[in-house]
1. Exactly one condition in (1) in contact with a Pro (Cβ under 8 Å, 6 or more places away or on another chain); (2) under 24 Å from residue 164 (Cβ atoms) is not met by residue 144; state its number.
2. So if I check each of 118, 125, which one is of a type in the set (Gly, Ala, Ser) and more than 16 Å from the ligand (Cβ to nearest atom)?
3. Quick one: which residue in 7, 57 is modelled with pLDDT under 90, surrounded by 10 or more Cβ atoms within 10 Å (Cβ to Cβ) and in contact with a Pro (Cβ under 7 Å, 6 or more places away or on another chain)?
4. List the strands (runs of 3 or more DSSP E) inside region 70-169, counting only whole elements, that have at least 2 residues being among the aliphatic types (A, V, I, L, M), in contact (Cβ under 8 Å) with a residue 24 or more places away in the chain and buried (at least 18 other Cβ atoms within 10 Å of the Cβ).
5. Since residue 83 meets every condition but one in (1) more than 16 Å from the chain's Cα centre (by Cα); (2) more than 16 Å from the ligand (Cβ to nearest atom), which condition does it not meet?
6. For residue 78, are the conditions met, namely being more than 11 Å from the ligand (Cβ to nearest atom), at pLDDT below 95 and not β-branched (Val, Ile, Thr)?
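The values are calculated or read from the model by the stated rules, or taken from the named source; none is laboratory data. Model, not experiment: these values are computed from the prediction. Cβ atoms come from the backbone with ideal geometry, glycine included; neighbour counts cover every protein chain shown.
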Amino acid sequence: MSDRKDPVTLKIILIGDSGVGKSSFMYRYVNHRFTNMYRATIGTDFLSKMITLDGEPISLQIWDTAGTERFQSLGMPLYRGTHCCMLVFDVASSASFCSLDGWRQEFLVQGEPEDPAGFPFVVLGNKTDLSNREVSRRKALQWCKEIGADYFEGSAKEDLDIEKPFLRAAELGLQQY
Ligand code: GTP
């Protein structure tokens, strides 16, 4: 029997271009709310959520970083100690998908994970409710296969497929703990 009193705390970080919906996805998951109003994240915010994984209580600390370049320097030290990184893009924006490789590289350099080659990433395509989709599921899956990441897509606005990416991030993060 474990004598550990405090639940395991896992740090999950969301990175990606400004406006892809990182804050919205996090708020939808943790607070079950959504707003159409855009408010740029300044620096970082984090929210906590308790979940149960294989019968064990886990405290998820979800960090939302600013996608705006001028705030990026504030977020960089906060990459350290991350257990799983979520790379977020907008399925209606090819540019935001193309940026992901840069975000991933930056995370690996700034976050200094112990095993960069084995560090877990979850890729998340948001805004599947939009009709002007520019990045197909197939294209996203292909890139994820190349980098060895799991792929999920959903909509913070329509409350579609919100839980799965976080649960997977928690599972992968726990393996890093
Ligand atoms: P930064 O803080 O600048 O990095 O942006 P962000 O990635 O956190 O984006 P944010 O969550 O602030 O959302 C940007 C805009 O996209 C807001 O107007 C949201 O309402 C909108 N938005 C977020 N998620 C969705 C979605 O699933 N569908 C649609 N249609 N709009 C969304």
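1. (1)
2. Just a single option satisfies the conditions, and that option is 118.
3. Only one candidate passes the filter, namely 7.
4. By residue number, 84-90, 121-126.
5. Residue 83 satisfies every listed condition except (1).
6. yes
Results for (1) of a type in the set (Lys, Arg); (2) more than 29 Å from residue 59 (Cα to Cα); (3) out of contact with any strand residue (DSSP E or B) (no Cβ under 7 Å at 6 or more places or on another chain), shown as yes or no for each residue.
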| site | (1), (2), (3) |
| --- | --- |
| 93 | no, yes, yes |
| 107 | no, no, no |
| 116 | no, no, yes |
| 124 | no, no, no |
| 130 | no, yes, yes |
| 133 | yes, yes, yes |
| 144 | no, no, no |
| 164 | yes, no, no |
| 171 | no, no, no |
